[in-house]
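K.L.:
Supplied in structure tokens, the structure appears directly below.
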Amino acid sequence: MQTKYLETGLSWLWVTVVVLVLDRITKLLALHNLSAYVSKHITPFLNLTLAYNKGAAFSFLGSQSGWQSWMFGALAIIVSAALLVWLKRLSSRERVVSIALCLIIGGALGNLWDRVILGYVVDFVDLHLTHWHWPVFNLADSAICLGAFLLIVDAVFKPKSS
């Protein structure tokens with residue numbers, strides 16, 4: 001049984017665990033060291049700004065009555081389950097896709113944790129260029145974006161088998 005697991009993409013699930021642990025640690029640090037919606041200047045392009053996101057990416061649907069939190073939570077569970085099935089079907093040698101899927105799962109579960117426990121997602125990374133600010137995000141969001149990027153890179157650059 002263990003040998004079968006090691007031969008599949010599931011052998012890369014440690015990446016998901018790392019994302020979850022780092023996401024929890026960084027969010028706890030943000031919650032304990034930052035004041036809500038008060039920016040702490042770090043570099044000319046980075047502030048730390050604690051924000052509570054009840055919506056999805058970039059606070060999409062954040063002003064709704066609360067149903068969106070349940071919808072996004074259910075979506076995270078469904079997508080994570082589907083990605084786990086995909087991982088199980090992959091060979092452990094398919095590193096890029098396996099790591100990408102594990103990053104996405106870790107990010108989705110990290111934000112799901114916040115939704116279930118807190119009722120909102122903790123965001124704190126505030127990138128900006130002069131007065132233009134990217135929407136505040138977190139490590140879980142970064143893992144999801146990096147995973148999606150890796151999937152695209154793999155799809156575009158992977159040699160086609162004949």
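Read-outs: derived from the displayed coordinates by stated rules, not from any lab. If you're wondering where the values come from, they're calculated on a predicted model, not measured in any experiment. So basically every Cβ, Gly included, is an ideal-geometry build from the backbone, and we count neighbours across all protein chains shown.
K.L.:
Rounded to the nearest 20 Debye, what is the dipole magnitude of the chain about its Cα centre when Lys and Arg each give +1 and Asp and Glu each give -1 at the C-beta?
P.N.:
It works out to roughly 380 debye.
K.L.:
Give the value in nm², to one decimal: projected area of the alpha carbon convex hull of the range 96-154, averaged over all directions.
P.N.:
Taking a quarter of the hull surface, the average projection is 4.6 nm².
K.L.:
At a Förster radius of 22 Å, what calculated FRET efficiency corresponds to the Cβ-Cβ distance of C145 and A74, to the nearest 0.05?
P.N.:
0.55
K.L.:
Next up: Looking at the chain, how many pairs of lysines come closer than 28 Å at the Cα, when each pair is eight or more places apart or spans two chains?
P.N.:
Final tally of qualifying lysine pairs is 8.
K.L.:
If each DSSP helix of 4+ residues adds -39,500 (n - 2.57) and the sum is divided by the residues in the chain, what number results at 222 nm, nearest 500 deg cm²/dmol?
P.N.:
Mean residue ellipticity at 222 nm (helix-derived): -19000 deg cm²/dmol.
K.L.:
Can you tell me the mean projection area, over all orientations, of the convex hull of the chain's alpha carbons? Units nm², please.
P.N.:
Approximately 11.6 nm², given one-decimal rounding.
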